[in-house]
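The values are calculated or read from the model by the stated rules, or taken from the named source; none is laboratory data. On a predicted model such as this, the values are computed, not experimentally measured, just so you know. As a convention, Cβ positions derive from the backbone with ideal geometry for all residues, glycine included, and neighbour counts pool all protein chains shown.
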Amino acid sequence: MNKQIRILVVEDEEAIRTGLIDVLVFHGYDVDSAATGPDGLEKALTGKFDLILLDIMLPGMDGYEICDRIRTEDRNQPIIMLTAKTSDEEIIQGLKLGADDYVPKPFSIQQLVLRIGAVLRRSQVGQEMARTLTVGGIEIDTENFRGVRDGDEIAFTKREIEVLSYLARNSDRPVSREELLLKVWGYARNLDIETRTVDIHIAKLRRKIEADNKAPELLITVRGAGYRLVAEG
């Protein structure tokens, strides 16, 4: 018998929390929940969940801090953040701390279920990656999410490493946003999923690897085709 997938819902609004639990149980998941930040963190660190749905605005401790604390203990724990905040700066903060994706409120249940499935597939299937990767003179340890350039350390999230690795394996051509969503995020093809996740990750990576992120020379945009990583040498 296949192991039932366990999901933790950390959400303080009772109506939303109860609705999420009902929907996830209906879809066959084993669900636990928490209504406060401290309770959510304790359960997240001790409960061995396959995925955590994490609200940002919580009593006692916000979702950003919880995400950061989880990542210090487990770099691979799948996390989707639920947020009423939709500015790039606020979304980037969650992704920078290591969230796999974000879902803005109010959200479609269908969209949420699709994203949950995508993150779970991505975490279970994994991706063939070289142990080391060189980009723009940065030597990257893909297993430990760390890069070094001129003696200075650069920290990457797991998803950033996955994006770079996929682009590096396909550096002979531009890779479309749809392909990245399909191959890196695990979204099924032709699903109408509205997300700026790819664009935000590209912007974050440019800040880390480019000499001038406003005039990129390594991670370039090919108009109408997607993104291309310029191969070393």
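Quick notes on this one:
- If you go through region 44-70 and keep only what is buried (at least 18 other Cβ atoms within 10 Å of the Cβ) and in a helix (DSSP H, G or I), you end up with 44, 63, 64, 66, 67, 70.
- Restricting attention to region 42-68, the residues that are touching a residue at least 40 places away in the same chain (Cβ under 8 Å) and under 18 Å from residue 100 (Cβ atoms) add up to 11.
- Taking the numbered list (1) among the polar types (S, T, N, Q); (2) modelled with pLDDT under 80; (3) buried (at least 17 other Cβ atoms within 10 Å of the Cβ); (4) more than 12 Å from the chain's Cα centre (by Cα) in turn, residue 93 passes all entries but (4).
- Among the residues making up region 14-36, those that are small (Gly, Ala, Ser) and loosely packed, with under 13 Cβ neighbours inside 10 Å are 15, 28.
- Among all positions in region 167-178, there is at least one residue which is assigned to a loop (DSSP other than H, G, I, E, B), under 21 Å from residue 118 (Cα atoms) and modelled with pLDDT of 90 or more.
- Which numbered condition residue 1 misses (of (1) exposed (fewer than 14 other Cβ atoms within 10 Å of the Cβ); (2) at pLDDT 90 or above; (3) aliphatic (A, V, I, L, M)): (2)
- Sole exception among (1) modelled with pLDDT under 85; (2) assigned to a helix (DSSP H, G or I) for residue 106, by number: (2)
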